Amino acid sequence: MEVVPAGYRVGEWQVTDLIGAGGWGTVYAARRADFPGGEGYGHVNGDEDGHGHGHGHGHGHGHGHGHVNGDDGGSAADGEAAPTDVALKFLPTAGLAPRQARGLVETARRETELSRRTRHPRLIRLFDSITLGESAGPAFDGAVVLVMERAERSLRERLEAASPTGRTVPSSSDARSSTPSGEEPLSVREGARLLTEVCEGLAHLHGLGWVHGDLKPDNVLIMADGSVRLADFGLSVELTGTHAYIPPLGTPDYLPPERWQASLGERGVQVRQSTDIWALGVMIHQVFTGGVSPFPGATPAARGAAAQEYADGRAPLRMDLRVPPFWRDLAADCLSPAHTDRAAHTVESLLGRIRAEGERSSTPSGDRRRRTVLAASTLAMAMAMAVAVAASSLGAVGWLQFGDDRSPGNGAASGQDGPGPSIVSNARIKVYNAERSCDRLDERDSLCSLGLAIDPLLPYDIDNVVRTRVWEGDVLTADCQLPRGVPVADEAGTLSFRWYRVRLTAEKGRTTAWLPAVRTKDRPALAECPARPSPG
Amino acid sequence: MSGVLVHLPSEERTEITPASEPVSLRLGPGDVARFGRGSASVPVDLRLACPAVSRLAGEIRVTEDHWQLSNLSTSQTYLVENPEGAGEYFRVPPRRAGAPVPFEFARVVLPARGAAVSFQVFAPDHAYLGTSGMADLAGTGTLAGFSLDETSTYFLVLVALCEPRLRDESTVAVATTPQIVERLRSRPGCERLTARAVSSHIDYLADEKLRITAPVTGPGQGVRRNGKREAVAGLALRFGLVREEHLGLLPPRRPAFHRPGVAGA
């Protein structure tokens, strides 16, 4: 489309800058034009005859200059006034075949309709919709301009600003994201906050029975105050029953597996609220990894194929270990392959889990430790815990924030948080191998054997294992546990710092070795091992 | 994604011994199918009952939006032809592992005594960029979910099918198969287009490219087929897959009152 020159006037707005070009429109920054005397007349382009207001807002004025005294809240029936700085989204229809133009007007209609029906602090506000007339010149005749809240940038730009290459994927669609500023990557705490706000916006939309339809970091906008707004409702639609239909458009990286096989009906393709949930799962992964999709591949086609392979059960979901365990669980639920399974994870339920996690991790750590101490039944245990309290109050709070040593699935039973069951002096633990291909092998294939470490504070590698190998199903006797050894992740991505000291029976010169906690499903309430574990 | 489709025999004129029954396989991303003469100890997914073909002759593996061909024979070179490519082909030498196949339509030809043995592989997931070019490459842009190769024969068939409606000659009519054959005959490369080929192109569009939910209108085969053609044209127009500008792909129209050869245009 033709570039809108700086200074171009649309109604009371004056274009200042290009923000970016999206799927079907171009977005510009604009300011309220400064009228001497504050009168709303004298449009430079004289196009007030040509534009009529969208039906979106119930503004009482018909000529497009009612907002001049921007803070006169009373002029708009809904009591809102556009700020001085806005974003203008141009949806041009010039040069389009009538059919395409109709499609574009339909897009604009969806956006205004959604904005009129849903008002929420987490959804970008649409102040006005203006259709340009003949006087706007041949390039813009018939163009629809949406007047929207101005954001500072999109979540994608934020993720790219911090990635080492400046961009996670080659992009050219965005005029602003050209220079990487080398910003700090999003912290876990900040990422958690952004995602929580995304979920709040989505919960509001879903609560009203709508589907966003094109959820992705490009459409999550970050305002100057850091708060999040969902934007771009061009594919949003109100559900009729459990699903609705939208035009067959989408962003490949965020399409749920059922969409790759979706059939095209007369009204388009089916979308459900679980469509947004899948996209949310992809986005959760991206937020903590600087924009990397959970599905491997260099191109959208490769990632789409990887998602398909995962959904068909031919490949496991392997998430990046930078994603904190809580969010990894959440993303895994969002990425349930079958939309029927995904439907159980409503955004409302996800938001509940996020808030519970937020409360859990914001409880002052000292308090929780002290409760643990009270529940401990032996004096030795109490003393060991007292040491831990001292250590954590010195600055280990950071890793409690959504990112501690908690394997998915075992929840608070990991023994470290909250009062656990009474301490036992030894326990039998069963070896577990996360490599599922090892299930099928009856004999003890050496490829499926697991090593026991000599020293859990040294890297878990070939030089640090005892000669004895163990296999899935073996039962070992453990006599104590070490909560903070070297972190070990298993093949499914579960990460743990915890180690169990196990007895060796058939090895000369050695009576004990260490099993990483990810190699067993058991979580016995063993005493902590002595402060500096003695190898062997 | 539809994955990849394998058809055996590739067409009726291929001289395959009647022992190999017709097979159609659908493979998703990551799926593998082996082909060869097979035996009790060497099971194959695609059996080519020809004594010149190895028991385990090769392997098809679907990766991303295309597929790879491994030649497991130690002495035979296979050919991969593009039936729409005016003789375009490439060789896959013995023991070549994972040769990527760039064609949406491909015919794999194995040498055999006398006639060659062949089967067809379709890769309908091939993606094409929208008019905005580079912006689509990043994967962050919002794209049409259905992408068509505008240089393919099926696309010509689609344009010809939609022509009456694109020219606003009719709001409901679609071209019939004989009309499409006649319309495209003067275009280079389409001289030998048959009615049967046009029908299979329309089936391919409906089943693989657009994945249309087939309207089941009646028991009659003719009625059903007609419903499918209208659905293909209706959706292609509604979602802008075929536009007025594509009419330029069709050969110039002769005025109806002129006889062919007299019009001179």
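The values are calculated or read from the model by the stated rules, or taken from the named source; none is laboratory data. Small disclaimer: the values here were computed from a predicted structure and weren't measured. A quick note on method: Cβ atoms are made from the backbone with ideal geometry, for glycine too, and the neighbour counts reach across all protein chains shown. For accessibility, only protein heavy atoms count, side chains too; no ligands or nucleic acids. Shrake-Rupley method; radii C 1.70, N 1.55, O 1.52, S 1.80 Å.
Side notes on the structure shown:
- Matching residues, segment A:295-323, being more than 14 Å from chain B (Cβ to nearest Cβ) and open to solvent by less than 10 Å² (accessible area, probe 1.4 Å): A:V323
- For segment B:175-192, a residue qualifies if it is aliphatic (A, V, I, L, M) and in a loop (DSSP other than H, G, I, E, B), and exactly one does: B:A175.
- Annotation: A:L330 fulfils all but one of (1) under 15 Å from the mean Cα position of the chain (by Cα); (2) over 26 Å from B:T63 (Cα atoms); (3) not in a helix (DSSP H, G or I); the unmet one is (3).
- The set of residues in segment A:125-141 being in contact with a Gly (Cβ under 8 Å, 6 or more places away or on another chain), surrounded by 21 or more Cβ atoms within 10 Å (Cβ to Cβ) and assigned to a loop (DSSP other than H, G, I, E, B) consists of A:L132 alone.
- Some residue of segment A:456-478 being within 24 Å of A:L317 (Cα to Cα) and part of a strand (DSSP E or B): no
- Filter pass, B:L56 being within 15 Å of the chain's Cα centre (by Cα) and open to solvent by 30 Å² or more (accessible area, probe 1.4 Å): no
- Within segment B:179-214, being over 30 Å from A:R259 (Cα atoms), open to solvent by 40 Å² or more (accessible area, probe 1.4 Å) and without any contact (Cβ under 8 Å) to a residue 40 or more places away in the chain holds for B:Q179, B:E182, B:R185, B:P188, B:E191, B:R192, B:T194, B:A195, B:R196.
- Matching residues, segment B:1-36, being over 27 Å from B:L148 (Cα atoms) and either within 14 Å of another protein chain (Cβ to nearest Cβ) or at pLDDT 90 or above (or both): B:R34, B:F35, B:G36
- The set of residues in segment A:282-330 that are in contact with a His (Cβ under 9 Å, 6 or more places away or on another chain) and among the small types (G, A, S) comprises A:S293, A:A301.
- Criterion applied to A:V287, A:V271 was being within 19 Å of B:F146 (Cβ to Cβ) and surrounded by 24 or more Cβ atoms within 10 Å (Cβ to Cβ), and the one residue passing it is A:V271.
- Matching residues, segment B:29-59, being small (G, A, S) and assigned to a loop (DSSP other than H, G, I, E, B): B:G30, B:G38, B:S39, B:A40, B:S41, B:A49, B:A52, B:S54, B:A57
- Of all residues in segment A:233-242, those being under 19 Å from A:A203 (Cβ atoms), more than 13 Å from chain B (Cβ to nearest Cβ) and either open to solvent by less than 30 Å² (accessible area, probe 1.4 Å) or not in a loop (DSSP other than H, G, I, E, B) (or both) number 2.
- Selected residue (criterion: modelled with the lowest pLDDT) from residues of segment B:72-103 that are within 16 Å of the chain's Cα centre (by Cα) and open to solvent by less than 50 Å² (accessible area, probe 1.4 Å): B:G85
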